[in-house]
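> Quick one: structure below, then a few questions.
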Amino acid sequence: QLSYYFPDKTMWQSFVCAMTAAVCLQAFDPFRSGKLVLYQTKYSVDWHGFEIVPYAMLGILGGLYGGLFIRANMAVARWKKTQSWLPGAVMQVLAVALVTALVNYPNFYMKVQSTELVSSLFSECSRVLDDPIGLCRTGTASAPTMVLLVLAAVLGFLLAVVTFGLQMPAGIILPSMAIGALTGRAVGIAMEMWAHNHAGFFLFASCAPDLPCVTPGTYAIIGAAAALAGVTRMTVSIVVIMFELTGALTYVLPIMVAVMLSKWVGDALSRRGIYESWIHLAEYPFLDHSEDLALVVPDVPAARVMTRIEDLVVLTATGHTMASLRALLDAHPHRGFP
């Protein structure tokens, strides 16, 4: 979705390259996990029809997160450009790293690496063998756990606003996925508690009596996709990326619903995605395909901006001497060929 020109020949070459990369990845198995996808997930139960409402709510929350993040990040970037007293790029990175360590350490959901955190949030407790952050302990499906998850998401949002834009090779994809997954897991735990405490409610009539009705890990996947869509404003690519990361084919429809709602809500708050916003902040020449070109390109005929053929200064193939060429170059400013 970032490409405007992708012919069939290039698509075929890209497919062969991607297939070769997948085969090599499976052969080498660098993480010794035996998995082809990074966050491979398998769930015991499928999603139910009533869950489309909380999934849609996560999409709306993802759009709100994306719109607020872009506004806040742009405000921080503009503020930094006007402050001459700020230290250099290296000192800024060190200061943010120190603050991040101090803020993250008390919350054990934020002490682990982002990849490990996202993997734990996506997992189903009945299939977990290693639980590094204690999400699947007995009694963790409670209000204090939800509060810690939401607090971690809020702190992650604030830290990401300041971090994105520093002179360091760090992107926004994994932080957004982590923030969305934290929020989604909190919503999933709330739904799990509701289904457990009110099993006779009519919405839960389709749930099997011997299986969990709600799987909080699925809400983490939906939340991660919604947050990522809210920040980048990509739609089809996000659905494909989440499917390829998790392998959760049955959740493509909920992911699509959440991603589209996230994009619509995000567009209502800020018209551009995070990458387009930074392009405009840096004042790079860029024609945004979502802009009304009538407001950008003046409505004037081409003859007014083009040089008339009578006024063109050219070098003819014949009829010149060294003196005439030197006189021509001295009389007219030139830039090169042609």
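> Would you check which residues across segment 161-204 are of a type in the set (Gly, Ala, Ser) and either surrounded by 20 or more Cβ atoms within 10 Å (Cβ to Cβ) or under 20 Å from Gly134 (Cβ atoms) (or both) and list them?
Within segment 161-204, Ser176, Ala178, Gly180, Ala181, Gly184, Ala186, Gly188, Ala190 qualify.
> So, Thr183, is that one at pLDDT 90 or above, under 29 Å from the mean Cα position of the chain (by Cα), of a type in the set (Ser, Thr, Tyr) and within 22 Å of Val259 (Cα to Cα) or not?
It is true that Thr183 is at pLDDT 90 or above, under 29 Å from the mean Cα position of the chain (by Cα), of a type in the set (Ser, Thr, Tyr) and within 22 Å of Val259 (Cα to Cα).
> Hey, any hits in segment 61-81 for a residue that's at pLDDT below 90, exposed (fewer than 13 other Cβ atoms within 10 Å of the Cβ), part of a helix (DSSP H, G or I) and not aromatic (Phe, Trp, Tyr)?
yes
> Among what's in segment 228-241 and is buried (at least 24 other Cβ atoms within 10 Å of the Cβ) and aliphatic (A, V, I, L, M), pick the residue that is modelled with the lowest pLDDT.
Among those residues, the one meeting the criterion is Ile238.
> Still on this structure, please answer the following. Please determine whether any residue of segment 289-308 is more than 15 Å from the chain's Cα centre (by Cα), at pLDDT below 90, part of a helix (DSSP H, G or I) and closer than 19 Å to Gly171 by Cβ.
Within segment 289-308, none of the residues are more than 15 Å from the chain's Cα centre (by Cα), at pLDDT below 90, part of a helix (DSSP H, G or I) and closer than 19 Å to Gly171 by Cβ.
> Do we have any residue at all in segment 178-200 that's in contact (Cβ under 8 Å) with a residue 40 or more places away in the chain, closer than 27 Å to Lys80 by Cα and in contact with a Ser or Thr (Cβ under 6 Å, 6 or more places away or on another chain)?
Yes: segment 178-200 contains one or more residues that are in contact (Cβ under 8 Å) with a residue 40 or more places away in the chain, closer than 27 Å to Lys80 by Cα and in contact with a Ser or Thr (Cβ under 6 Å, 6 or more places away or on another chain).
> If you don't mind, another one. Filter segment 251-282 down to the residues that are small (Gly, Ala, Ser) and within 30 Å of Ser44 (Cα to Cα), then identify the one that is surrounded by the fewest Cβ atoms within 10 Å (Cβ to Cβ). I'd like the intermediate steps shown before the answer.
Residues of segment 251-282 small (Gly, Ala, Ser): 258, 262, 266, 268, 270, 273, 277, 282.
Then keep just the ones that are within 30 Å of Ser44 (Cα to Cα); that gives 258, 262.
Details: Ala258: 37, Ser262: 35.
Restricting to residues being small (Gly, Ala, Ser) and within 30 Å of Ser44 (Cα to Cα), the top hit is Ser262.
> Sticking with this one: With respect to Met234, is the statement that it is assigned to a loop (DSSP other than H, G, I, E, B), within 30 Å of Trp47 (Cβ to Cβ) and under 21 Å from the mean Cα position of the chain (by Cα) true?
On the way: assigned to a loop (DSSP other than H, G, I, E, B): yes; within 30 Å of Trp47 (Cβ to Cβ): yes; under 21 Å from the mean Cα position of the chain (by Cα): yes.
Yes: the conditions hold for Met234.
> Oh, and also: Restricted to segment 122-178, and to residues that are of a type in the set (A, V, I, L, M) and farther than 30 Å from Arg233 by Cα, which residue is modelled with the highest pLDDT?
Ala143
> Does segment 242-250 contain at least one residue that is surrounded by fewer than 24 Cβ atoms within 10 Å (Cβ to Cβ), in a helix (DSSP H, G or I), among the small types (Gly, Ala, Ser) and touching a residue at least 24 places away in the same chain (Cβ under 8 Å)?
Within segment 242-250 (the criterion being surrounded by fewer than 24 Cβ atoms within 10 Å (Cβ to Cβ), in a helix (DSSP H, G or I), among the small types (Gly, Ala, Ser) and touching a residue at least 24 places away in the same chain (Cβ under 8 Å)), the answer is no, since none of the residues qualifies.
> Let me ask another. Enumerate the helices (runs of 4 or more DSSP H) found wholly within segment 83-198, keeping only those where 1 or more residues are closer than 20 Å to Leu61 by Cβ and not hydroxyl-bearing (Ser, Thr, Tyr).
114-122, 143-163, 173-197
The values are calculated or read from the model by the stated rules, or taken from the named source; none is laboratory data. As the structure is a computational prediction, the values presented were derived from the model and not from experiment. Positions of Cβ are generated from backbone atoms using ideal geometry, with glycine treated the same way; all protein chains shown enter the neighbour counts.
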